[in-house]
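Worksheet: one structure, shown below.
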Amino acid sequence: MGTVSQAKPQSNPERQPRWDCFERADLFEYYLELQAQGVSQRQAAQELQVPRTTLHAWRLWHDTLDLCPHVAECFHKGPGLAFLHRRVIAFHLVCVEVGACGMRSVCLFLNLTGLNRFVAASYGAQQQVNRRVEEAMGAYRQDETARLAQACPAKPSRSRRTKRVRAAFAW
């Protein structure tokens, strides 16, 4: 019986990593400004130090959105994108951590509302978001426990409490 070979993912060490969503939004906004001034895509790519094919892909993606252009413009800019990310985190907190929903419901919500065009709605991506929410909740709990412990008076020892209880019930 033959052995199963483990496939190694193909990677190019010279390939630029994925763009940060906020950096991408800023670059694309600047690209649209350059394009409005009549600058060609090649010149804009050189100015922004972004591969021309990447700019082309961003433009195609933007043009295929079936949303109101004002909504798309809002969510492509840094403040709109930050607003959207805060809402997704709040949705995770309320529905997954506090409520009875799971992450699949979060993914379904993102797909049904069309927000999957701006936020990764796959189960794996939302698992990462949920992990960060849980880590933030754990850190908050530790910080608040330490802060509140300093403000609380020390509890008397068990033996002193037992003596007080017995004294209170003594006839």
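A few notes on this one:
- Net charge of neighbours whose Cβ lies under 12 Å from the Cβ of PHE22, counting Lys and Arg as +1 and Asp and Glu as -1: -2
- Amide N of the stretch 72-107 lying under 16 Å from the label point, which is placed 7 angstrom from the Cα of GLU135 along Cα→Cβ: 89
- Translational diffusion of the stretch 78-151, µm² s⁻¹ [Kirkwood Rh, Cα pairs; Stokes-Einstein; 25 °C; 0.890 mPa s]: 184
- Length gained on full extension, GLN128 to LEU108, computed as 0.36 nm times the residue gap minus the Cα-Cα distance: 5.6 nm.
- Phi angles of the stretch 82-88 translate, via the Karplus equation with coefficients 6.51, -1.76, 1.60 and θ = phi - 60°, into HN-Hα couplings of 5, 4, 5, 5, 4, 5, 5 Hz per residue; Gly and Pro are given as x.
- Length gained on full extension, HIS70 to CYS101: 8.0 nm, using 0.36 nm per residue less the C-alpha separation.
Where a number appears in this text, it was derived from the coordinates with a stated rule and is not lab data. This one's a predicted model, so the numbers in the text were calculated from it and none came from an experiment. Neighbour counts run over all protein chains shown; Cβ positions are idealised from the backbone, glycine included.
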